[in-house]
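FYI, it's all coordinate maths here, none of it is from the lab. None of the values given here were measured: they were computed from a predicted structure. Cβ sites come from the backbone with ideal geometry, for glycine too, and all protein chains shown count toward neighbours.
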Amino acid sequence: MTDLEYLHLAWEAVLDKKGREPVLLDLRELSRVTDYFLIASADTAVQVKAIADRVEELLLDKGLAPLRREGYQQGYWVLLDYGFLVVHILRQPERDFYRLEHLWQDAKPVNLPL
């Protein structure tokens, strides 16, 4: 699968579990750490975990496992690191506080589906 196909699957996983306000940012010109951020909100820690589980499930079904997973136990902010893609799933209060889109405001938004 291509990176773009994996991005579509991750996006689909977020929407499957009713993730709110998903945003995909292209960081290729800004960061050497990753190419893309996928950021989405959830109402509860349970929903944060459900979205993370769905992302992992769909990508793993296609042979892509996360290199790192952070924050799952607490469920306030789960980070799934796939190398070229970092998925951030946050409860709304954490998303409002950390404002990742603002921190990376120079990143190009990617409109999915392409």
Open item on the list: So if I check each of 89, 39, 51, which one is assigned to a helix (DSSP H, G or I), under 26 Å from residue 1 (Cβ atoms) and among the β-branched types (Val, Ile, Thr)?
Closed with: 51
- [ ] Go through the range 16-35 and give me each residue that's more than 17 Å from residue 109 (Cα to Cα) and loosely packed, with under 14 Cβ neighbours inside 10 Å.
- [x] 18, 32, 33
Task: Any hit, the range 50-60, residues being of a type in the set (Asp, Glu) and in contact with a strand residue (DSSP E or B) (Cβ under 8 Å, 6 or more places away or on another chain) - done: yes
TODO: Run down 51, 89, 39 and say which single residue is at negative phi and touching a His at 6+ places or on another chain (Cβ under 8 Å).
DONE: 39
Task: Residue count for the range 85-97, restricted to those that are touching a residue at least 40 places away in the same chain (Cβ under 8 Å) and surrounded by 15 or more Cβ atoms within 10 Å (Cβ to Cβ) - done: 8
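Could you look through the range 66-84, keep only residues that are within 22 Å of residue 31 (Cβ to Cβ) and without any contact (Cβ under 8 Å) to a residue 12 or more places away in the chain, and pick out the one that is surrounded by the most Cβ atoms within 10 Å (Cβ to Cβ)?
Within the range 66-84, the first condition is being within 22 Å of residue 31 (Cβ to Cβ), and the residues that meet it are 66-71, 77-84.
Next, from what is left, pick out any that are without any contact (Cβ under 8 Å) to a residue 12 or more places away in the chain: 70-71, 79.
Details: 70: 14, 71: 19, 79: 17.
Per the stated criteria, the residue is 71.
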TODO: Considering each residue of the range 36-52, count those that are within 16 Å of residue 68 (Cβ to Cβ) and either surrounded by fewer than 19 Cβ atoms within 10 Å (Cβ to Cβ) or of a type in the set (S, T, N, Q) (or both), and give that number.
DONE: 0
